[in-house]
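Student: Can you keep this structure in mind? I'll have questions shortly.
Just so you know, all these numbers are worked out from the coordinates, no wet-lab data involved. Keep in mind the model is a prediction, meaning the values are calculated, not measured. Cβ coordinates were reconstructed from backbone atoms using ideal geometry, including for glycine residues, and neighbour counts include every protein chain displayed.
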Amino acid sequence: MKLYTILYISKSNTHLVRKLFLYILLLLCTRLGYAQTSPLSGKVIDADTRKELEYVTVHLHSQKVPVFTDEAGRYKLVKFNSKDTVTFTLMGYVAQFKPVQELRQNATVELKRQSYAIQEIVVRPKENPAFRIVRSAARNKHLYLPENQTYLQFRTYTLMKGSILEKDAVDQKKKFSKRYAPYLDSLSIYAEAGSRTASLPIFQSETVKESYFSQSPRKSKEILKASKIIGVGIERESQMAQLLNAQSEHFSLNQNWLRMFDKDFVSPIANQWASYYDYDLEDSMETAAGKLYRLKVIPKRTQDLAFQGTIWIAEGTYALRRVELKLNKDAALNFVSDLQIVQTWDEQQPALLPVSSKRRFQITGLPGTDVRLFVETTTTYADVVLGQPKPESFFDMTHQISDSALKHQESFWQAVRPMAFTPQEQKRVESIAQINQLPEIKSAVKLVRVVVEGHLPVNEKLEFGPVFGTYVYNNVEGHRFQVGGRTTQAFHPNWILNGYLAYGTKDQSIKSLLNLRYIANRELWTEWGASYMNDVGPAAMNLDNAQINSLFFSSFRWGTMNFPYQQERIQLWAEREWFPSFRQRLTFRHANYKPVFEVKPITADREETKFSGFTSTDVVLSLRFSPDRKMLIRHYEKIPISNSNAPIIGLDISAGLSGLMNSDLSYQDIALSLEQRVRAGIFGYGRYYLKAGKTFTKVPLPLLQIPIGNETPFFILQGYNLMPFFAFATDEYVSLRYDHHFEGAFSLTNRLPLLKKTKLQLVAGGAVLYGRLSDRNKPTEAVAVTGNGNFRGLGKDPYAEVNIGFKNIFQLFRADLVHRLTYRNLDAPLWGVRLSVSVNP
């Protein structure tokens, strides 16, 4: 019946049906024009040399964001229609316009070099013609910084890839290649001089981020909108997303200094360019946006953290239009090599931000090893908006992660990727997932977790540890055995329990710790907690029960304990981050101290003793302000993961409450701390640590301020390297430590030919301590047990020591010659050599 009706209608309305048929056919043809079944892939080469051209801008006229050729000159287009046109542009070459239909016949594009004679360049006596251009660029660069715009927002997509490289690892013949041959990334086997390098993919991440800037008031904000991570050994994707988000931070060559790897790299157009760079004006060219100058950038000293390569600067605006830079192989940078930066702006429509920024580098191992980590990051900029202000309250959270950041499906990522993944890139993702399941990888991940976090997973809800505290030996406890653990997020997302039980064979006593914490908010960290501890430790050691670090917890228990006290302590605390970077912690403590050593009075008429046991009940208010730092939010802590030149300010106020819970003491104590990294331009950089404190009343030894001495061969920054243990005690003090790293033009190791080849870096500094011990807090008895030593207050002269040395010894060590300037009669040498591990780049 239905078929009959259709036939009947068709016979009665032949003209109408014909129009309907043509309309449907037109729709189908139109859809076929936009929905290609196969991508369009090709290659861009130099028309004269036939060499593949990297980073050519490939721009579909129907798309907002272009794609770029890779190191082999290859490009790939996925979203296009048959009537579209593609533009191929590269600085110094004539632009090519190719219809899609033509590219389907021949996808190889040849670009011809384009240059114009340099005209109207005024050459002053002894003046390099490139200097005028660089001087103008340095003068104008502030106009193109995001933070200097009235209001600016933009979106970035960042793809980060990581692979392990190994020289001479060919196919399945040597080293890891034989074991992991099925997973090798065939696209990343690079030819090198006389050898080949195999590449094993180990991680890949994609992030989408929105950035906002306001000039008045000067504020900024970043929102991580989406993140997708797959990697070998990555178990906590949310934490890794925060770490990689910090690494993919926007950087600009329009700044004087670029902060990477905790180092300051000087920009080729910095205000101090004349101290670091020479330039050659190589060419000029005409583009759709006007004339460009091509300049060759040459560092004056090979060991400076300066770049070499090529930059293109626009006439008139003197804005950067393209950069191709790399770090000199002789630069004084540990573990990081082959650093390259390529940034490009849209030649047809120059804008404030580049359309793409690529950074690649290798992380090398220790000398003599061939294994390296290759990292490549590509960031694409889009949706740039100027002049649309946000309310001031919008910037209260400077770094924010969207609730749905880790929940996006593959369809979302296919839509936001500027360039679709190739089959090889898809295989890379599959290989990483397969490597994760190998037994040796699982074992290695567990080992790394133990070393870094000090805990070993037992199951999803419980971790064993601190592992490093399982066994120690000291003069008080003898052999100490300990069993402990903590809960994980699977146990409860907000409640955290941790603790331990320990036993000493010499004192034959049981020690214990139990912490109970509730984390109400992790973005603006809000926490309540309670703890009970019964343990033994040195008098001056403050056991922070809520945040015990495994290595720290175990290290001070080995060997000889000075002035050991049995401590039984109950704590209650509340902590709140009122706004990002400002935290407040209020702690209520009740403790009993009992000395585990014998004492005898110096005079018979004194009943009170400095070393005797006591009971205290006190309240502590701690404030900390650490601005301009990205934070890593973990299940049990929030820690900084990015450095800043802003100061870190701390304030601690303590008050003893006499009579409360049988407390013997009424005291007041205050301590202030300030530390900061300071940039010294051509002289390098330094760090200072300033501390001051005062105890206003009489207190027993465990509540005095004991300067940290050092009788080991290791160099420490938080103490005094030629001061014996327990040499002094103070109840009021001011201390300053300064540590300087010479890395600039005036570095001695950058100027002396013999030292240049060693890549050693000069360090110098010193420490000074002013303080005194008032009469009310001076000891009135002697310690009967020899080996605990004794202490005294500082005199009129401060304690002072200076040090000078070298770091970057075998890329790993630092050695300092230390000299004590005052208190020459201490039971310690006036001169000493101290070593330390310095693993920063």
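Student: How far is it, in nm, from the label point at residue 625 to the one at residue 71 when both lie 7 Å from their Cα along the line to the Cβ?
Tutor: 4.7
Student: Let me ask you something else. Given a Förster distance of 56 Å, report the FRET efficiency between residue 584 and residue 424 from their Cβ-Cβ distance, rounded to the nearest 0.05.
Tutor: Once rounded, the FRET efficiency stands at 0.60.
Student: Given R₀ = 41 Å, what would the calculated FRET efficiency be for residue 520 paired with residue 337, taking r from the Cβ atoms and rounding to 0.05?
Tutor: 0.35
Student: Given a Förster distance of 60 Å, report the FRET efficiency between residue 734 and residue 47 from their Cβ-Cβ distance, rounded to the nearest 0.05.
Tutor: 0.25
Student: Continuing with the same structure: Using 0.36 nm per residue, how much length does the chain from residue 594 to residue 400 gain when fully extended, once their Cα-Cα distance is taken away? Please list the in-between numbers first.
Tutor: Values: separation 194, 0.36 × 194 = 69.84 nm, distance 4.77 nm.
Once the chain is fully extended between residue 594 and residue 400, it gains 65.1 nm.
Student: In nm, to one decimal, how far is the modelled label at residue 714 from the one at residue 664, with both set 7 Å along Cα→Cβ?
Tutor: Result for the modelled spin labels: 3.4 nm.
Student: State which entries of 263/296; 300/759; 329/807; 446/506 exceed 27 angstrom in Cα-Cα distance in the structure shown.
Tutor: 446/506
Student: Once you have the Kirkwood Rh of the range 380-538 from its Cα pairs, apply Stokes-Einstein at 25 °C and 0.890 mPa s and quote D in µm²/s.
Tutor: 117
Student: Same structure, new question: Using Cα centres only, tell me the gap between the range 801-841 and the range 285-354 in whole Å.
Tutor: 40
Student: Sorted by mean Cβ packing within 10 Å, highest first, what order do the peptides 291-299, 510-518 take?
Tutor: Going by the mean number of other Cβ atoms within 10 Å, highest first, we get 291-299, 510-518.
Student: Where the eigenvalues come from the Cα gyration tensor of the range 639-736, what are the semi-axes √(5λ) of the equivalent ellipsoid, largest first, in whole Å?
Tutor: Square roots of five times the eigenvalues give 32, 19, 11 Å.
Student: Jot down the radius of gyration and Dmax of the range 40-111, Cα atoms only, both in angstrom.
Tutor: 11.1, 32
Student: Next up: Determine the gain in length on full extension of the stretch residue 560-residue 634; use 0.36 nm per residue of separation and subtract their C-alpha separation, reporting nm with one decimal.
Tutor: Answer, rounded to one decimal: 23.1 nm.
Student: Additional query: Compute the label zone of residue 386 within the range 279-305: residues whose backbone N is under 17 Å from the point 7 Å along Cα-to-Cβ.
Tutor: 289-290
Student: Let me ask something additional. Give a residue-ordered list of calculated ³J(HN,Hα) values for the range 792-798 (Karplus: 6.51 cos²θ - 1.76 cosθ + 1.60, θ = phi - 60°; whole Hz; x for Gly, Pro).
Tutor: 8, x, 6, x, 5, 7, x
Student: A further question follows. Taking the radius of gyration and the Kirkwood hydrodynamic radius from Cα positions alone, what is the Rg/Rh ratio for the range 259-397, to two decimal places?
Tutor: Here the Rg-to-Rh quotient is 1.03.
Student: How much length is gained on full extension from residue 434 to residue 459, taking 0.36 nm per residue of separation minus their Cα-Cα distance?
Tutor: Working: separation 25, 0.36 × 25 = 9.00 nm, distance 2.25 nm.
Additional length available on full extension: 6.8 nm.
Student: Please list the non-local residues whose amide H lies under 5 Å from the amide H of residue 401, H modeled 1.01 Å from N, same-chain partners needing a gap of 5 or more.
Tutor: Those lying under 5 Å, H to H, from residue 401 are 224.
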